[in-house]
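In what follows, a single structure is set out as structure tokens and then discussed.
The values are calculated or read from the model by the stated rules, or taken from the named source; none is laboratory data. Quantities reported herein were computed from a predicted structural model and do not represent experimental measurements. Note: ideal-geometry Cβ built from the backbone for every residue, glycine included; neighbour counts use all protein chains shown. To get the accessible areas, we keep the full protein, side chains included, count just its heavy atoms, and leave off ligands, DNA and RNA. Shrake-Rupley method; radii C 1.70, N 1.55, O 1.52, S 1.80 Å.
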Amino acid sequence: MRYTFGDSLSAAERLRRIAAFFDPLAADFIRKHHDAAVFRAADLGCGPGYSTAMLAEATGAPEVVGFDQSKSFLKDAGMRFPHLTFRRVDVCQLPNDEKFSVLYCRFLLSHLQNCEALLRKWLCHLVPGGRLYIDELESISTEVPVFKKYLEISDRLVSSQHADLYVGRKLPAYCQGLKVLSASSDVHPVSDSLAASWFLPNTVGAWKDSEFIRSAYGNQEIEALMGDLEAIYTESTTQSHITWTMKRIVLTN
Ligand SMILES: C[S@@+](CC[C@H](N)C(=O)[O-])C[C@H]1O[C@@H](n2cnc3c(N)ncnc32)[C@H](O)[C@@H]1O
């Protein structure tokens with residue numbers, strides 16, 4: 001299935017901006033929870049490779065691979081990070097015989113179905129004592145009308161593909177019966193301008209081609225939203241009226 005927000009240049013630029021904020025937080029999360037040498041690490045749904053480069057740095061693993069289904073993201077990742085390996089793999093069907101000391105996913109489960117079964121499948125790809133790090137969206141809170149509108153549209157778009165943007169809320173239930181080493185909900189305030197800079201590329205890029213958006217919302221409504229986001233973006237304010245809550249879970253086998 002096509003990734004909800006597409007793999008255009010603007011989608012890659014959006015992921016770069018988001019990674020610049022979340023990479024240091026993710027690296028701290030990973031470093032805090034691994035106590036043994038990591039020989040082989042994989043980044044599931046690596047996109048243009050920023051999360052893979054973060055994973056390589058945080059683990060110090062000699063072999064790090066990024067898996068994604070998008071040819072264009074993989075090409076981009078390979079050019080940007082030539083010291084890392086990127087492969088076209090459906091993360092729902094990891095190659096049978098491959099094992100890793102660390103598996104990591106970020107902003108991936110929000111776009112997939114059958115996540116509960118998937119976590120169990122991924123655990124089978126860990127070496128004994130390996131770690132599965134999950135770094136997924138639990139909620140985004142704001143009272144700013146334009147942000148609320150953007151989030152309502154995104155949520156409906158993801159739901160139309162039978163996935164859950166806020167999958168982090170469901171992860172504790174999905175992890176029942178598994179060996180959970182750590183689970184937290186971490187709240188991160190984001191400046192309004194930065195949030196707008198993450199939202200804008202979707203309205204300009206992915207939404208334009210979406211059948212769902214075209215039928216559910218008129219052009220005028222989307223154009224007005226884009227104008228309002230653009231205004232907040234160009235204002236360059238450091239004020240924050242929006243927070244991201246990430247569900248971070250470490251599993252082992
Ligand atoms: C929101 S992006 C996250 C990229 C990266 N993890 C990051 O944090 O910057 C989600 C990525 O998952 C990929 N993806 C979605 N479903 C996939 C699947 N079944 N197999 C492999 N990659 C998939 C998309 O192509 C996209 O690059």
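For this structure, a couple of remarks:
- Convex hull volume per residue in cubic angstrom - Cα atoms of the stretch 1-48: 99 Å³
- Whole-number D in µm² s⁻¹ for the stretch 48-186, Kirkwood Cα-pair radius fed into Stokes-Einstein, 25 °C, 0.890 mPa s: 148 µm²/s
- Estimated [θ] at 222 nm from DSSP helical runs (n ≥ 4, -39500 (n - 2.57)) normalised by residues in the chain, nearest 500: -13500 deg cm²/dmol
- For the stretch 143-174 versus the stretch 9-43, the gap between their alpha-carbon centres in whole angstrom: 22 Å
- Potential extension, T234-K148 segment - 0.36 nm per residue separation minus Cα distance: 29.1 nm
- R87 versus A117: modelled label distance in nm, points set 7 Å from Cα along the beta carbon direction: 2.3 nm
- Summing charges over neighbours of E13, with a neighbour being any other residue whose Cβ is under 12 Å away from its Cβ, gives +1 when K and R count +1 and D and E count -1.
- Surface composition of the chain: carbon plus sulfur atoms hold 53% of the accessible area, using a 1.4 angstrom probe and ignoring ligands, DNA and RNA.
- Over 31 Å between alpha carbons, listed pairs K99/K170; K99/K149; K149/K179; K149/K170: K99/K149; K149/K179
- When the chain is treated as a Gaussian network with alpha carbon springs shorter than 10 Å, the biggest mean-square fluctuation among F39, F107, F29 belongs to F39.
- Residues whose amide H lies under 5 Å from that of H188, counting only those 5 or more places away or on a different chain, are W244, T245, M246; hydrogens are built 1.01 Å from N in the peptide plane.
- Each peptide in 118-127, 47-56, 242-251 receives the mean, over its residues, of other Cβ atoms within 10 Å, and ordering these scores from highest gives 47-56, 242-251, 118-127.
- Cα pair distances of the stretch 9-252 binned at 5 Å [whole percent]: 1, 6, 13, 18, 19, 17, 12, 8, 4, 1, 0
- Long hydrophobic helices in the chain, taken as whole DSSP H segments with a C-alpha length of 20 Å or more on their own axis and mean Kyte-Doolittle hydropathy at least -0.5: 9-33, 145-160, 219-235.
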